[in-house]
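What follows is calculated from the coordinates using simple rules that are stated; it is not laboratory data. Values in this document were obtained by computation on a predicted structure and should not be read as measured data. A quick note on method: Cβ atoms are made from the backbone with ideal geometry, for glycine too, and the neighbour counts reach across all protein chains shown.
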Amino acid sequence: MKTLPSSDVRNYFKMKYKTAVALVLLGLIVSSEALRILVCYPMTSKSHSILGHGVVNRLLEAGHEVTHITSFPRGTVLQNLREVNVSHIAKAFEQDKSSKEEFSLKNMLGKGNFAESVIFLYYVFIIHKNFLEDQNVVKLFSDPNEKFDAVILEWFFTEMNSGIPVLFDCPLIWVCSTEPHWHAFRIMDGITNPAYTLDLFTHHTLPLTFWQRAEGLYKIVKKNLQLLVFYQLEKWIYNSYYPEIAAKRGVTMPPYDDAVYNGSLMFLNAHPSIGGAMKLPQNTVNIAGYHIDKAKPLPQDLQKLMDEAKDGVIYFSMGSILQSDGMSEQMKRSLLDMFGKYKQTVIWKFESDLDDVPANVHLLKWAPQTSILAHPNLKLFITHGGQLSTAEAIHYGVPLVGMPVMADQILNMKTMAAKGFGIYITLAEDMYSDLDTAIRKVLDDKTYAEKAKELSALFHDRDMSPGKAIPYWVEYIVRNRGAPHLRSQALNVPLYQKLYLDLAVVLTIIIVLITKAVKFILVWRSKKQKEKSS
Ligand SMILES: *[C@@H]1O[C@H](CO)[C@@H](O)[C@H](O)[C@H]1NC(C)=O
């Protein structure tokens, strides 16, 4: 047996010891850099959940530990990720069959914009209330051993969740899932000027005419009156739900107002290349496109289909909320007949089966959308115009025909048409000739595809990719303890001061006083003169 000289043994252990120390130190550095982040996406629809997973993915890639509260847990175990499932919130709505019917395409047509109604605000309120009542959520929040460095909340027409970061005594970061608009900016910088910023649910584009400007102002005033009511409801939830949990953590809740206006940062799912160039406060960051992962390879059959489509491919999808299934029989038939006449291959995301499908039309129950958009043979995307689909189209430089149905889809598609990378069509039972003309025009006229490519280049030309911006800014906010230096001073100025109503009152009083004084002097002088002359 070979024996080692004792100096070698010593060296050997010295080395081991050094490696061990180095490893421990490395571990300390890594773990001290990894932040614990809570990400909450209460909205129960698929598109919102895709945005939530996008935020989580970018944080995980940067090495952070994430707890994600979502209605669509991914179900696979990932290092550094813990998911809290709140899908029963959605089930509460599904059981109510009428509310599902309500969202079918057939029903949405000619119903006006649901998102503009009070019912919409009530719907959002109930979802968030259910979220705060969820057993797993309450359990997580009540456990004093749970600690987070930052809380990321989806902003969606309520601030009820602004109590969550207070519980963990950490900064609050909002993510606005849509183009920015006055309602979200209200809590970061104050209400934006309706003369040059659009309401999310508007049907107009900038610049506004006299009457459109008047309408914008009227709508802001009307909605703010509605909000007065909802604000009270939310405050009531805040005051009745949080204090009990806070007590278990040894925290006292500040007044609702203080929590609502305490956001450190707001990420905006927007970019000037797809939307408009808005006046932004310092603590907002454009991140549109962040949710798009590197395109995965297409399934083999689909790859073959698209590779072999020598005249190109048209892709048609109405998104996840508004399924094509919900179309009337006549609409489905007419669309199939129309698509059958094209020389292009048509891929239609359609959730069930149809008879007599033309040879060039392929129905897909589930479509790997970004991989389809990434294929060089794709010539046109017919879309409902949701924010995700619009961003994905611009990411890959694909021209559009937009058939918006509700919410921000109308504004997205109006903007798209104004920017020239597609055509806007009003979805209706009698739209076929318009739709056919639009499809042929976008396919034949090269300018649409060129514009899409040009905007795509702008979309990608940034100081930092949106996927990198998310961890960068979250780390920045944590490192700088909420970065209060970035907060807008405008939040400290009440509306009457912004509008100089106090000055107007003072000036009015002065003018009235001067007029009175002048009148008095004139009367007094003429009296004097009369006395003299008599
Ligand atoms: C506001 O946020 C800062 C930074 O995260 C935090 O220190 C402070 O306690 C918060 N204030 C309220 C009233 O929540």
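Things worth noting here:
- Candidates in segment 366-393 are the residues that are hydrophobic (A, V, I, L, M, F, W, C) and within 19 Å of His48 (Cα to Cα); of these, the one that is surrounded by the most Cβ atoms within 10 Å (Cβ to Cβ) is Ala393.
- Of the strands (runs of 3 or more DSSP E) contained entirely in segment 277-376, those carrying at least 2 residues that are more than 27 Å from Ala418 (Cβ to Cβ) fall at 345-349, 361-364.
- For segment 443-490, a tally of residues being within 16 Å of the ligand (Cβ to nearest atom) and either surrounded by 19 or more Cβ atoms within 10 Å (Cβ to Cβ) or β-branched (Val, Ile, Thr) (or both) returns 6.
- Listed by first and then second residue, the pairs linking a residue in segment 484-510 that is free of Cβ contacts under 8 Å to residues at least 60 places away in the same chain to a residue that is exposed (fewer than 11 other Cβ atoms within 10 Å of the Cβ), with Cβ atoms under 9 Å apart and 6 or more places separating them unless they lie on different chains, are Leu501/Leu495.
- Any hit, segment 298-312, residues being under 25 Å from Ser49 (Cα atoms) and either away from the ligand (no atom under 16 Å from the Cβ) or touching a helix residue (DSSP H, G or I) at 6+ places or on another chain (Cβ under 9 Å) (or both): yes
- Residues located in segment 230-275, provided they are in a helix (DSSP H, G or I), of a type in the set (Gly, Ala, Ser) and closer than 24 Å to Glu475 by Cα: Ala259
- Cβ-Cβ distances below 9 Å connect the following pairs, each with a first residue in segment 366-389 that is on the phi > 0 side of the Ramachandran plot, a second residue that is of a type outside the set (Val, Ile, Thr) and in a loop (DSSP other than H, G, I, E, B), and a separation of six or more residues or different chains: Gly385/Gly319; Gly385/Met403; Gly385/Pro404; Gly385/Asp408.
- Yes/no for Ile187 being within 26 Å of Gln497 (Cβ to Cβ), within 16 Å of the ligand (Cβ to nearest atom) and in contact (Cβ under 8 Å) with a residue 12 or more places away in the chain: yes
- Selected residue (only one of Ile287, Ile245 is under 24 Å from Ile410 (Cα atoms) and not polar (S, T, N, Q)): Ile287
- Wholly within segment 464-534, helices (runs of 4 or more DSSP H) carrying at least 2 residues that are hydrophobic (A, V, I, L, M, F, W, C): 466-479, 501-533
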